[in-house]
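**Student:** My structure is below; once you've seen it, I'll send some questions.
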Amino acid sequence: MGLSNLGIFHTIVGIAAIVAALIGLIRYAKINLNVLSGRVYFLGTVVTSVTALGISKHGGFNPGHAFSIFILLLVSIAFYLHSRKKESMRARYFENFLLSFSFFLSLVPTVNETFTRVPVGHPLAKDISSPVIGQTLLVLLVLFIAGSVYQFINQKKERGLAKK
């Protein structure tokens, strides 16, 4: 597999962030920064995005680095909305969307790296253009869209209950 020490650390923290996001999405229908799983997702995503900037298969700045910077921006804005705009329902919609979008975007390089490395010696995909990667990302996009609609409906219901 050929991972550096930074790559191994990056992978372990990234897996923890993904697991935390999945726990939050299953348990709360969102990545909730008020609970442990949300905080682990946030911190793990920040660490993973920063460490990704030190990793390069192809040398120099590449699309993976741009993804990392964009994901850092998304989670930073979501954290700002969470911590500074507590009373705003509109901020909650954006916060939840940004966290879910950052999670979806995190899965793009995750799928690519996993499918081009596993199983060792005979990976599922040759490169990012392999159909299995495109099909998997399409399924994840559909799940992201459906999940975002579900989150929006769920938040709207919560907002309605809070007004009563």
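Derivation of every value follows stated rules applied to the coordinates shown; laboratory data play no part. Note that the structure is predicted; figures quoted are calculated from it, not measured. All Cβ positions, glycine included, derive from the backbone under ideal geometry; neighbour counts span all protein chains shown.
**Student:** Within the group Thr45, Thr11, Thr51, which residue is among the hydroxyl-bearing types (Ser, Thr, Tyr) and within 28 Å of Tyr150 (Cα to Cα)?
**Tutor:** Thr45
**Student:** Right, next: Does Ser88 satisfy being free of Cβ contacts under 8 Å to residues at least 60 places away in the same chain, more than 30 Å from Gly121 (Cα to Cα), among the hydroxyl-bearing types (Ser, Thr, Tyr) and surrounded by fewer than 14 Cβ atoms within 10 Å (Cβ to Cβ)?
**Tutor:** Criteria met by Ser88.
**Student:** Quick one: which residue in Glu158, Glu95 is touching a His at 6+ places or on another chain (Cβ under 7 Å) and either surrounded by 12 or more Cβ atoms within 10 Å (Cβ to Cβ) or without any contact (Cβ under 8 Å) to a residue 60 or more places away in the chain (or both)?
**Tutor:** Glu95
**Student:** Has region 71-85 got at least one residue that is touching a residue at least 60 places away in the same chain (Cβ under 8 Å), surrounded by 18 or more Cβ atoms within 10 Å (Cβ to Cβ) and assigned to a helix (DSSP H, G or I)?
**Tutor:** no
**Student:** Scan region 58-101 residue by residue and report those that are over 21 Å from Glu158 (Cβ atoms), touching a helix residue (DSSP H, G or I) at 6+ places or on another chain (Cβ under 7 Å) and aliphatic (A, V, I, L, M).
**Tutor:** The answer is Ile71, Leu72, Leu74, Val75, Ile77.
**Student:** Then there's this: Among the numbered criteria (1) part of a loop (DSSP other than H, G, I, E, B); (2) more than 23 Å from Ile128 (Cβ to Cβ), which single criterion is violated by Gly60?
**Tutor:** Of the numbered conditions (1) part of a loop (DSSP other than H, G, I, E, B); (2) more than 23 Å from Ile128 (Cβ to Cβ), the odd one out for Gly60 is (2).
**Student:** Got a number for residues in region 119-142 being over 19 Å from the mean Cα position of the chain (by Cα) and not in a loop (DSSP other than H, G, I, E, B)?
**Tutor:** Number satisfying all stated conditions: 2.
**Student:** So which residues in region 28-54 are more than 13 Å from the chain's Cα centre (by Cα), under 20 Å from Ile8 (Cα atoms) and surrounded by fewer than 17 Cβ atoms within 10 Å (Cβ to Cβ), if there are any at all?
**Tutor:** Val50, Leu53, Gly54
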